[in-house]
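Take a look at the structure below.
The values are calculated or read from the model by the stated rules, or taken from the named source; none is laboratory data. Quick caveat, the model's predicted, so the values are computed rather than measured. All Cβ positions, glycine included, derive from the backbone under ideal geometry; neighbour counts span all protein chains shown. Just the protein is used for accessible areas: all its heavy atoms, side chains included, with ligands, DNA and RNA removed. Shrake-Rupley method; radii C 1.70, N 1.55, O 1.52, S 1.80 Å.
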Amino acid sequence: MKAEPVPVLLVAGFLGAGKTTVVNHILGHAGGRRIAAVVNDFGAINIDAELIAGASDGVVNLSNGCICCTLEGDLLRTLSTLIRREPRPEAIVIETSGVAEPGDIIRNLMDPVILKAAPLETVLCVVDASASPEALDDALLRDQLRAADIVALSKLDLADEAGRGRITEAVATLSPRAVVIDAAHGAVPLELVLPESPDRPARSRDTVPRRPRLERFESLSWTSERLVSLPRLQQAIGRLAPKLARAKGLFETAEQPGRQFLFQLAGGRATLVPAGEPPVDRPRARIVFIAETGALSQAEIDEAMGPCVAP
C-alpha cells in the first residue's frame, strides 16, 4: 500500500516574533493528529508536562501522539528519518531560526525525493504585532514575509488598535498574496496551515538562485558553575541590551537557590519566569546572546557578566 505524503508546515519569523509559541500551540492542539516538530533545540518547546511521554535520542515523545525532535545535521536527512518512523507522522512542522532565510530552506524542500514524500504545504511567517512598521524595513524580515503564504500576527496583547492597523497594512504591502491572521498566544488554526488533504499535489514555488551573503548574526554564550545575583544580572543585561538582537538563558539565583529561571530578551522586552528544578549535570547559569556580527565580543560579555556571579 502506497504511503500518503506527509505535508510540511514551515514556520518562519524574526528573532523573538513568537514562533515557538505557535509551535507549542500546534502540538498542544493537534486534535489526535500525529505531528512531528523539527526545531533547533526542543528544550525551547514548553509543552504542558502532562503531554510529555518520554525523551530519547534527540526526540521528545508526546502522549498525544506528536513528537518533537532536534535538528541535527542535514535537514533532508532529518526529514527522511521522520517519514520512515512507525507510526508515520501525519504532518511535520519545521521551526526555522529567527535569522534564517526561508528561501534557503524552501529550496532544500524542493528536492524531488522529499517533495514527493513530504510536500511543503504552507509557509507561515510570525510577525510581532507590537512592532513598528519601520521594523519591517529589515531586509531579512522582508524576505521572510515575501515567502509567506500566511502571516500570523503575534503579541496582540501588546499592540494597540492603531499600531496593529499600521503593522497589518505594512504586512499587506510587502506580502500582498499572503493571508493575514491574528494569532493571540500562538493560536493558529491547524486546519488553515495543515489542511487534511494529503493526496493534494504540492504547489509550485519560486526558487531563485541563492545569493552569496555574509552571516549577519552571531551567537555568543556565557556560563557559570555558581549562582548569580539577580540585581547584578539585570544591570549586566541592561548594559548589553543595546547591542543585542536576542538573548535567552536558564539560571539559578543567589536569592532563590534550587529554583531555575528562564530569561528571554526580544524586541527590547525582557521576561523572567520560573522554569522548574535545575538539572544536576548543567552549569548553574547558561545564557546565549545573539547580536549583529562584530557588534559584540566575548570579552565584552565576560566583562559584563563576571560581576553577576554570587560570592
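If you take the square roots of the eigenvalues of the alpha-carbon gyration tensor of the range 271-311 and sort them as a ≥ b ≥ c, do you get rounded (a/c under 1.5), prolate (a/b over b/c) or oblate? Taking the square roots of the gyration eigenvalues as a ≥ b ≥ c, the range 271-311 is prolate.
Only helical DSSP H runs with n ≥ 4 go in: add -39500 (n - 2.57) per run for the chain, normalise by residue count and round the 222 nm mean residue ellipticity to 500 deg cm²/dmol.
Value at 222 nm, helices only: -7000 deg cm²/dmol.
Per residue, the accessible area of the chain comes to 51 Å², computed with a 1.4 Å probe over protein heavy atoms only.
When a 1.4 Å probe is rolled over the protein heavy atoms, the share of accessible surface on the range 222-311 that falls to carbon and sulfur comes to 55 percent.
Residue ranges 12-19, 253-260 sort as 12-19, 253-260 when ordered by packing (mean number of other C-beta atoms within 10 Å per residue, highest first). Toward the positive end of the charge dipole of the range 1-147, with +1 on the Cβ of Lys and Arg and -1 on the Cβ of Asp and Glu, the farthest Cα among ALA118, SER63, ILE105 is that of ALA118. Rolling a 1.4 Å probe over the protein heavy atoms of the range 1-116, with every protein chain left in place, gives an accessible area that is 51 percent carbon and sulfur. Shape class of the range 218-307 from the Cα gyration tensor (axes a ≥ b ≥ c, square roots of the eigenvalues): prolate, since a/c reaches 1.5 or more and a/b is larger than b/c.
Keeping to pairs on different chains or 8 or more places apart, tell me how many lysine pairs in the chain have Cα atoms under 22 Å apart.
For the chain, qualifying lysine pairs total 4.
Counting alpha carbon pairs within less than 8 Å and at least 6 residues apart, what relative contact order, in whole percent, applies to the range 126-196? Computed over the range 126-196, the figure is 39 percent. Projecting the Cα positions of PRO311, ILE301, PHE289 onto the charge dipole of the range 259-311 (unit charges on Cβ atoms of Lys, Arg, Asp and Glu, taken about the Cα centre) puts PRO311 furthest along the positive direction. At the residue level, THR81 shows approximately 70 square angstrom of accessible surface with a 1.4 angstrom probe and all protein chains present.
Considering every Cα-Cα pair within the range 64-136, what fraction, in whole percent, is farther apart than 16 Å? Of all Cα-Cα pairs in the range 64-136, 57 percent lie more than 16 Å apart. Would you please classify the overall shape of the range 231-277 from the alpha carbon gyration tensor, given that a ≥ b ≥ c denote the square roots of the eigenvalues, rounded means a/c under 1.5, and beyond that prolate means a/b larger than b/c while oblate covers the rest? The shape class here is oblate.
For the chain, a crude dipole built from +1 on the beta carbon of Lys and Arg and -1 on the beta carbon of Asp and Glu, taken about the Cα centre, is about 400 debye to the nearest 20. Take each peptide in 141-151, 221-231, count the other Cβ atoms within 10 Å of every residue, and average; sorted highest first, the result is 141-151, 221-231.
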